[in-house]
Amino acid sequence: MNIKDYYSGMSRLYIHQSILCVIVFMVIIFPALQITNFFPTNTAGILILTMLIYFIFRHIYFVYKSHSLPNPSIFHNEGEVLLMLEPSPVTAYQGKLFSGSGYCVFSIKKGRKQAKKALFTITDHRKNTYWMAKVNDFGIQLLKIRKEISFEALKSDKREFHTTDGNDYRIVKSAYTFSIKKNGMKIMTVSRGLMPISMQRIFSASTPIIKFDRQTNEEERIFCLLLYFTN
C-alpha cells in the first residue's frame, strides 16, 4: 500500500458514511417530521444534515488528494530514518506508518485482550514479515510469527523499561514531542508541525513525523512504536 491507496480508502469510507446519513434521514427523520414537529426530531434532523455535509466535504477532499498526488516513486526514499504516521481508514488498525516516499512500511493492529494482556500484530511490509506483541502492566514481549520471543522488556517504572541484556529505555514526553531514550541516548522521536514543505503534497502538515536513530534494530523499532501507541 502507498499513500495514494490510503487516500482512496478514506474517500470510500466517507462516501459510505454519507450514504448512511441519507438513509437514516430518509427512513427515520423525514417521516417523523411529517408526523410531528417535536423539538428532538428537528434537532436530530439538523445533526444528520450537518454530518452529511461534513462527510461529503471530507470525501471531496480525499478524492482530490488521491488524484492530485504524484507517483510516490518519483520521491527520494527517506529510508529507515524517517517514517510518517497516518491513521488507518480500517478501524481495526491502530495505525499505518509510511516512508517519506509514500509507501506503507508498518501496520499495527490491536487484537483482543487475553488474560489482561493486550495483543498487537505488527506487519513489516518491506520484508512481508509479521510480529506479535503482548503488552501488560509488567512489560512487553515481542514474538516472531513462530511464537519465539525475540525481544522482552520489563517495566521498572511508569515510563521506564529494562531488558535482560542490561539496556534501559525511558519515555520522555512534552507538549509537542514524544521520544524514547536507550541508556540515555535518544533512539526515537515523534513530532508534529514540522513537515517539510516539499512533503506536504503527500502528507498533511500536521502528520506526526517519527524519526529513528540509524543504529536501532528492527525489534527496537517495533518496541518503540508499541510504546508510542500504548502511552
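The values are calculated or read from the model by the stated rules, or taken from the named source; none is laboratory data. Fair warning: this is a prediction, and the values are worked out from it, not measured in the lab. Backbone-built Cβ (ideal geometry, glycine too); neighbour counts: all protein chains shown.
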Check your understanding: What number of residues within region 131-153 satisfy the criterion of being free of Cβ contacts under 8 Å to residues at least 60 places away in the same chain, farther than 22 Å from Asp213 by Cα and not small (Gly, Ala, Ser)?
Key -> 12
Review point. Got a number for residues in region 4-32 being closer than 24 Å to Tyr103 by Cα and among the aromatic types (Phe, Trp, Tyr)?
Key: 3
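Tell me, please, whether a residue that is of a type in the set (Val, Ile, Thr), surrounded by 14 or more Cβ atoms within 10 Å (Cβ to Cβ) and assigned to a helix (DSSP H, G or I) can be found in region 30-40.
no
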Check your understanding: Is it the case that Gly139 is under 23 Å from the mean Cα position of the chain (by Cα) and on the phi > 0 side of the Ramachandran plot?
Key -> yes
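Mind checking which strands (runs of 3 or more DSSP E) fall wholly inside region 98-144 and carry at least 3 residues that are over 26 Å from Gly9 (Cα atoms) and either not hydrophobic (A, V, I, L, M, F, W, C) or not assigned by TED's automatic domain parsing to the domain that holds Phe212 (or both)?
Counting at least 3 such residues, we get 139-144.
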Revision key, fill the gap. Counting only residues that are β-branched (Val, Ile, Thr) and out of contact with any Phe, Trp or Tyr (no Cβ under 9 Å at 6 or more places or on another chain), region 162-206 contains a total of 3
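For region 168-227, which strands (runs of 3 or more DSSP E) that fit wholly inside it have 2 or more residues that are surrounded by 18 or more Cβ atoms within 10 Å (Cβ to Cβ), of a type outside the set (Ser, Thr, Tyr) and free of Cβ contacts under 8 Å to residues at least 60 places away in the same chain?
Details: elements: 168-173, 177-182, 185-191, 209-212.
Correct list: 177-182, 185-191.
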